[in-house]
Structures are given as structure tokens and as C-alpha cells.
Amino acid sequence: MVEKMEVDEPTKATEQKPTGNLEQTITFENLRDWCSQLEKGESHLGRVLQFLGKTRANLNSDVLSKLVTNYFAVITTQRDALLQWVPSTAGAADTVVAMEVDSPAPATPKVSKTPKAKRTQLPLTTAPVPEVELYIHLLVLIHLVDGKKYKEAEECARLMIERVDFHDKRTLDPIAAKGYFYYSLCYERTNRFDELRSYLSGRLRTATLRRLSSSQAVLIVCLLRCYLLGKHYPAAAKLVTKVTFPEGASNNELARYFYYQGRIKAMQLDYTAAAGYFMQALRKAPQDAAIGFKQNVQKWIVVISLLQGEIPERSIFRVPIYRKPLLPYLELTQAVRLGDLGLFEQVLLKHGSSVFKQDETVTLIVRLRQNVIRTAVRQISLAYTRISIKDICKKLQLSSDVEAEYMVAKAIKDGTIDASISADNDSSERYMQSNETEDIYRTVEPQLHYDTRIKYCLELHNQAVKALRYPPNIYAKNVESIEEQREREQQELDYAKEMAEEDDDDF
């Protein structure tokens, strides 16, 4: 007979360890390792904050309460405030479970159903270093912001900034920058951003005098956003001219700074400079993250291109991350390309209040009406050698012949078309006479386009050279160790003695 295979019976649900507790234990051990590295000086705050995006996904009240209980045992005031914002469940803050490590199996394994004893992490009897204290404080702040508890997060951010001022260390500048950012975010989400303007200006003045680059960059960006949300474009433009953005700022803050500069230039009708700033913001943005930011920047690039008289490439609208958000802008581009004023009005009526107003591009899109009419006039001048103003008015669906004549005259003055308007006394009998098209390569237009492309390539090269970074510790290859230095000095000493002996033998 064939014997049955022995199969281990599935353990009961009560004997299995819950997955949630295991994840909490792993998260707590990882955070404790980061804090240990900060205490020993094995890692710096900048490196720890780089992994903040991955860490915040695993944060919860139980893990944070354990951290606060173990590291803030001496600082009772801070501990009580933080535990009030991250309350623990079932006394989780009192007992800390360490990670279980598999021990080597003995020679004769025995099955034991008794649970293993859990190790407990005793709270520290000394105050944590400022880096660890503020790092845990920042984790609590991020947890409150993710939970949309903006009132508590505002108080937490204010307390964290006060602790940074109390310690007064330059190494805490990255933490302070995060505090300013989330403090501004809480005010923005509660529609009180205008109340923070004077506070941000004072903090920016202090950060500039102390040369705190991280805080200075964040405060400049927050102030620009405050002005733009309040439609104070002259004040934002004046701020850009008065401040100097720090060179040591991160690429994320630099991308935001370029984005806000592009919006300011767009409102000032400087579309060429705005397009350059938006392209730089897109290049400085993270490649695999910040999808919403890149979508917003791309929307502004499309609108600015249309205002400059250029039609964006269709491949831009086919990119997976841009396909759905840029669908209304694709319809807008088609209306401008065809010069169909009726289609343009339909797109503006369809997406004006729902999409364009939310994206804050409706002010620029309204200006596109002149571009649509200019494109239609150009197509009419190419199709007809001679056409009456009345017929142009019908094709453009304008209200009167006078408006149509004005549009044609403006297109002629701007150099959009090469034509002339007859000087008849009766306005209903006037017509537009198109001249013969001239060879464009006999003009200076190709030279101007070529010069623009050269400037763009040179600017791109300069930005790439500025972004170059040397490999870390590359200089260590050419630095000799202490033993090698002693050996070299001994060889030089022996060589000097030999040369002295040879000189004595010669005499």
C-alpha cells in the first residue's frame, strides 16, 4: 500500500502572528536604527530625510507613540504634547516589541507551542540629541498632515520650529525647512495663507542673514506661492528681483522656484522667458515622481506655446501620464490650429470653469482668442487672393465688419500676413488683397530661428555643466596611508644616508 504523505497541519488563526503587528515592528526597528545612526553621527539629517517618502507610508499612531515614549522619557513636556497628537491603542506605547531573529536550530529539534518571550525596550534615561528629537517630531507632524488634521499639525509645526530656535544649530536647517513647508501647508489648507505672509517674510530675513540655504529656499518658494494664490503678481515679481535663490538648494525647491517664475513672466506677457522657466522646472523635477507637478507644468507649456504662435507636438499628448490631464488642452490646441473661433468658444465654455479655472490658466487661455483669429486670417489670406471684408466677417463669425477689418489690419501690422486693404469709402465694399508669397529663405526668419535654437542648446549645455558631480571619495585614491607615508620617509632617509656615505668615500 502506498502510504500517505505527511503534511503539516495548518496552524490555527490564533497561533499565527498578525501581519499588521509584524509590519509595525519592522517599521519601529527601522526608525530606531535611523535614530541610532543620528545619535552616533554615522548619518546626517540630509540622508535620513531622503528616505522620508518611503518612511511616511508605514507610519501610524502606535509606532510613533512607541518612539515618543522611548526617546522622550526625560523631556516630559514634549512627550505629553506629542502623545496627545498620536494616541496609542491598548497601551502600545508602554511595551516595545523587538524584531524576532531566527536562532540556529539544535541537533534534536523539539516542537514547542509556548510563545516566545517578548523583549522590551526600556526608555532612555537621558534626553535625545536634537537631531533625533526633531526627527521624531517631524514624523509626528507628517502623520498629522497625512491624516488631514491640520489644526493639530499647525500646532505641532509651530512647536517644532520653536524647538529648532531653542537648540540653535546650523545642522538642523533641513528640519527647519520641512517645518516651514508644512506650517505653510496647514495655513493654505485652512484658507488662511494670507495671514502667514508677514511671518514668512520675517523668517526669510533671518534665514538670509544666517545663510541657512535650505530654509531660505523653502521660505522663498512659500512666499511666492502665497503671492500667486492671492493674485499679487507685482509683489511676487518684486520679490524675485530682491532675493537671491541659494545655490545649495535641492532640485525640488529649484523646480518650484522656476515654475513660479514662469507663471510670473506669463502674466507679464513675457512668453519667451516663461517658456524657458517652465522647461527648466520640468528638467529639475524628479524623473520617477512628482507626476502631478509635471502635469501642471506641461499644461502651462502648452498654453505658452499656443500664445507664441507655435503648435505643440502631438507626441506630448500621447505620453501616458499626460494623456488624460491634457485632453482639454488637446481640444484647445486643435481649435487654435484650425483657426475655428466657434470651436474655440465651445472648448472654453465646456472646460472653462471645471478645468482651466482650477488650473489657473483661464486668464491666458482667454488671450488665445486673438491667436485663433490671427490663424484664421492667415489661412484666409493663403486661400484667397482677394476677398471682401464682409466675407471675412462671416467666416470668422464676428459681430461687425469694423471688427473684422480691425483684425485684418492688426494681422498686417504684426507681419502675420502679407496683404493690403482697399481704401474704399464704403466699408461694405472694402476687400483684402493678398500679395504674392515671398521665398522665406530670402528673409532673415531662418536665421532668427537658428539663433534661438543655438541659444537654447548653449543654455542646456551650461545647465548640464553646473549639474556635474564628482564621484564620492575620488580623492582618496591618491592619498597615501600613514604606513605608506612612514615607509616613504624611511626610504628617503636611507637614500640620504647612502648619498652622504658616497660623498665621504670620494674624499
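Could you figure out which of (1) outside any loop (DSSP other than H, G, I, E, B); (2) open to solvent by 40 Å² or more (accessible area, probe 1.4 Å); (3) out of contact with any Leu (no Cβ under 9 Å at 6 or more places or on another chain) isn't true of residue 148?
Here residue 148 clears every test but (1).
Going residue by residue through the range 397-411, is there one that turns out to be within 32 Å of the chain's Cα centre (by Cα) and without any contact (Cβ under 8 Å) to a residue 12 or more places away in the chain?
No, every residue in the range 397-411 fails to be within 32 Å of the chain's Cα centre (by Cα) and without any contact (Cβ under 8 Å) to a residue 12 or more places away in the chain.
Quick one: is residue 211 open to solvent by 60 Å² or more (accessible area, probe 1.4 Å) and over 20 Å from the mean Cα position of the chain (by Cα)?
Taking the combined requirement at face value, the residue satisfies it.
Residue by residue through the range 23-45, note down the ones that are over 20 Å from residue 162 (Cβ atoms) and open to solvent by less than 30 Å² (accessible area, probe 1.4 Å).
25, 27, 28, 29, 31, 35, 38, 43
Within the range 228-246, can you find the residues that are of a type in the set (A, V, I, L, M, F, W, C) and outside any helix (DSSP H, G or I)?
Within the range 228-246, 243, 245 qualify.
In the range 372-395, is there at least one residue being assigned to a helix (DSSP H, G or I), open to solvent by 40 Å² or more (accessible area, probe 1.4 Å), closer than 16 Å to residue 331 by Cα and at pLDDT 80 or above?
no
Would you mind finding the one in 77, 114 that is modelled with pLDDT of 50 or more, out of contact with any Phe, Trp or Tyr (no Cβ under 8 Å at 6 or more places or on another chain) and exposed (fewer than 11 other Cβ atoms within 10 Å of the Cβ)?
Answer to the selection: 77.
Quick check, is residue 257 of a type in the set (Ser, Thr, Tyr), under 17 Å from the mean Cα position of the chain (by Cα) and over 20 Å from residue 141 (Cα atoms)?
So residue 257 fits the description; yes.
Condition check ((1) touching a residue at least 24 places away in the same chain (Cβ under 8 Å); (2) touching a helix residue (DSSP H, G or I) at 6+ places or on another chain (Cβ under 6 Å); (3) among the hydroxyl-bearing types (Ser, Thr, Tyr)) across all residues:
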site	(1), (2), (3)
146	yes, no, no
151	yes, no, no
179	yes, yes, no
202	no, no, no
219	yes, yes, no
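Just one of the numbered conditions (1) assigned by the TED database to the domain that holds residue 134; (2) under 18 Å from residue 150 (Cβ atoms); (3) modelled with pLDDT under 90 is not true of residue 173; which one?
Unmet condition: (2).
Filter the range 332-359 down to residues that are of a type in the set (Asp, Glu) and open to solvent by 50 Å² or more (accessible area, probe 1.4 Å) and give me whichever is modelled with the highest pLDDT.
345
The values are calculated or read from the model by the stated rules, or taken from the named source; none is laboratory data. The structure displayed is predicted, hence computed values, not measured ones. Note that each Cβ is placed from the backbone with ideal geometry, even for glycine, and that neighbours are counted across all protein chains shown. When the accessible area is computed, the model is the full protein with side chains, heavy atoms only, and any ligands, DNA or RNA have been set aside. Shrake-Rupley method; radii C 1.70, N 1.55, O 1.52, S 1.80 Å.
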